[in-house]
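A quick write-up on the structure given underneath.
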Amino acid sequence: RGDDISPFGISLSDRISGIPLHVDISDLPIKKGITNNRNKVIFGPSGSGKSFLTNHVLNSYLKSGAHVVAVDVGDSYERLSILNGGTYLRYDEDNPITFNPFYVLPEHRGVEKNQSLLTLIFTLWQPILNIKEELDEYSIISEALTEYYKWIDKNSDVFMCFNSFYEFMRDQFFVNLEEDRKSLISISSFFNVLKMFYKEGEFEYLLNSKSNIDLLNEQFIVFELDNIQDHPILFPAVTLMIMDTFITKMRTLEGIRKV
């Protein structure tokens with residue numbers, strides 16, 4: 001309709017007349033005072049076309065230049081990802097889902113990114129830890145992350161990943177930590193638990209990827225969780241990666257629409 005023309009609209013059609021319509025369900029309702037946010041929810045019984053509509057809406061938004069992050073169970077957006085050259089992250093035994101949250105360029109480092117990595121480390125190491133009651137361990141690991149990136153900047157031949165972080169903690173940080181502070185953290189527990197994410201560990205693949213390291217600039221990312229939604233280790237870790245990806249895009253990509 002004439003008053004619905006918007007650079008961020010979607011192409012639909014009048015179900016009665018079949019006349020094509022360009023409809024803006026994001027910006028125009030705000031401009032007209034109908035709503036004050038862009039959140040959307042789609043209701044419908046099984047087979048009614050919810051996924052079909054969502055695919056069309058996301059495709060329209062991608063064509064307008066928006067960055068889209070989708071979380072799914074059921075492979076509803078695999079074809080859309082292929083069509084748009086997206087990044088499709090799904091776990092299976094032959095091709096496990098991989099990340100590298102430790103690969104952080106200097107311009108993207110900061111308190112928020114450190115907080116994200118700290119949450120990940122403690123979720124994998126001590127999932128039931130009450131951080132408020134364990135501030136000593138938290139502050140020591142926080143300091144370690146800062147020192148790790150200082151070390152990385154001085155050693156350009158070292159690849160940023162969990163493996164090099166683990167080795168830095170083992171060979172340098174804890175070795176040089178003051179004796180009175182070593183008693184404030186369970187060093188043996190740290191290495192014993194987290195070694196499953198280190199070289200030759202059961203989950204070595206998860207945090208050491210040499211691909212998928214620049215999710216910030218990937219326009220379309222789909223996290224397919226069907227095979228890990230009940231996994232006690234992979235699901236919380238991947239959930240944190242999703243949150244980190246979304247928050248990083250929100251904070252960093254200025255002037256780009258995020259969906």
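The values are calculated or read from the model by the stated rules, or taken from the named source; none is laboratory data. Remember, it's a predicted structure, so these values are computed and weren't measured experimentally. Because the Cβ atoms are built from the backbone with ideal geometry, glycine has one as well, and the counts that use them run over all protein chains shown. Accessible surface areas use protein heavy atoms only, side chains included; no ligands, DNA or RNA. Shrake-Rupley method; radii C 1.70, N 1.55, O 1.52, S 1.80 Å.
Using a 10 angstrom cutoff on alpha carbons, build the Gaussian network for the chain and name the most mobile of Gly85, Gly201, Gly18.
Residue with maximal mean-square fluctuation among Gly85, Gly201, Gly18: Gly18.
Rounded to the nearest 500, what is the 222 nm mean residue ellipticity of the chain from helices alone, with -39500 (n - 2.57) per DSSP H run of 4+ residues and division by all residues?
Helix-only estimate at 222 nm: -11500 deg cm²/dmol.
For the peptides 40-47, 61-68, what is the packing order when you average, over each peptide's residues, the other Cβ atoms within 10 Å and list the highest mean first? Numbers along the way, then the final one.
Working: 40-47: 7.6, 61-68: 17.0.
The densest-packed peptide leads the list: 61-68, 40-47.
Evaluate the distance, in nm, between pseudo-label points positioned 7 Å from the Cα of Arg109 and of Asp171 along their respective Cα→Cβ axes.
Calculated label separation equals 1.9 nm.
Given the options Met241, Met160, Met196, state which has the largest fluctuation in a GNM of the chain using a 10 Å cut-off (strictly under) for Cα springs.
So, out of Met241, Met160, Met196, the one fluctuating most is Met196.
With label points built 7 Å along Cα→Cβ from the Cα atoms of Asp180 and Glu93, find their separation and express it in nm.
Distance between the two pseudo-spin positions: 5.4 nm.
Among Val73, Val222, Val158, which one shows the biggest mean-square fluctuation in a GNM of the chain, springs joining Cα atoms closer than 10 Å?
Sorting by GNM fluctuation, first place goes to Val158.
Just the number, please: carbon plus sulfur as a percent of the accessible area of region 1-85, 1.4 Å probe, no ligands or DNA/RNA counted.
After summing per-atom areas, the C and S share lands at 56 percent.
Over the alpha carbons of region 1-56, what is the largest minus smallest coordinate on each principal axis, giving the biggest first in Å?
So the three principal-axis extents are 34, 27, 17 Å.
Looking at region 180-255, which chymotrypsin sites (Phe, Trp or Tyr not before Pro) are in a loop (DSSP not H, G, I, E or B) and have at most 16 other Cβ atoms within 10 Å? Write out the running numbers ahead of the final one.
Working: sites: Phe190, Phe191, Phe197, Tyr198, Phe203, Tyr205, Phe220, Phe223, Phe246; in loops: Tyr198, Phe203, Tyr205.
Here the chymotrypsin sites (Phe, Trp or Tyr not before Pro) that fit, given the DSSP loop and packing criteria, are Tyr205.
Set the bar at 27 Å for Cα to Cα. Now go through Lys154/Lys258; Lys150/Lys258; Lys50/Lys113; Lys199/Lys249; Lys150/Lys210; Lys210/Lys249 and name every pair that lies beyond it.
Working: Lys154/Lys258 35 Å; Lys150/Lys258 32 Å; Lys50/Lys113 35 Å; Lys199/Lys249 30 Å; Lys150/Lys210 21 Å; Lys210/Lys249 20 Å.
Over 27 Å Cα-Cα: Lys154/Lys258; Lys150/Lys258; Lys50/Lys113; Lys199/Lys249.
Just to verify a number: FRET efficiency for Lys50 and Ser188, C-beta to C-beta distance, R0 = 51 Å, to 0.05?
Working: r = 50 Å, r/R0 = 0.98.
Computed FRET efficiency for Lys50 and Ser188 comes out at 0.55.
FRET efficiency for Val73 and Met196, Cβ-Cβ distance as r, R0 = 35 Å, nearest 0.05?
Efficiency, from the Cβ-Cβ distance: 0.85.
Please pull out the direction-averaged projected area of region 20-165, using the convex hull of its alpha-carbon atoms, in nm² to one decimal place.
Across all orientations, region 20-165 yields a mean hull projection of 14.6 nm².
Let me make sure I get this right: for the chain, a, b and c are the square roots of the gyration tensor eigenvalues over alpha carbons, sorted descending. Under 1.5 in a/c it's rounded, otherwise prolate if a/b > b/c, else oblate. Which is it?
In terms of gyration-tensor shape, prolate.
Please report the carbon-and-sulfur percent of the accessible area for region 192-254; probe 1.4 Å, protein heavy atoms only, DNA, RNA and ligands left out. Present the calculation step by step, with values, prior to reporting the outcome.
On the way: 1630 of 3240 Å².
Whole-percent figure for carbon plus sulfur exposure: 50.
Place a label point 7 angstrom from the Cα of Ser6 along the Cα-to-Cβ direction, then list the residues of region 16-45 whose backbone nitrogen is under 18 Å away.
Correct set: 21-42.
When you count, for each residue, the other Cβ atoms within 10 Å and take the mean per peptide, how do 137-148, 174-185 rank with the highest first?
Highest mean packing first, the order is 137-148, 174-185.
Of all the C-alpha pairs in region 119-259, what % are more than 24 Å from each other?
More than 24 Å apart: 39 percent of the Cα pairs in region 119-259.
Where the centroid of each part is defined by its Cα atoms, how far is region 118-179 from region 206-259 in Å?
Region 118-179 and region 206-259 have Cα centres separated by 21 Å.
Averaged per residue, what accessible area in Å² does the chain show with a 1.4 Å probe, protein chains only?
Per residue, the chain has an accessible area of 57 Å².
Given a Förster radius of 25 Å and the C-beta distance between His22 and Ile82 as r, what FRET efficiency does 1/(1 + (r/R0)^6) yield to the nearest 0.05?
That gives a FRET efficiency of 0.45.
Given the Cα-Cα distance of Asp136 and Asp214 and 0.36 nm per residue of separation, how much length would full extension add, in nm?
Working: separation 78, 0.36 × 78 = 28.08 nm, distance 3.24 nm.
Net length gain for the segment: 24.8 nm.
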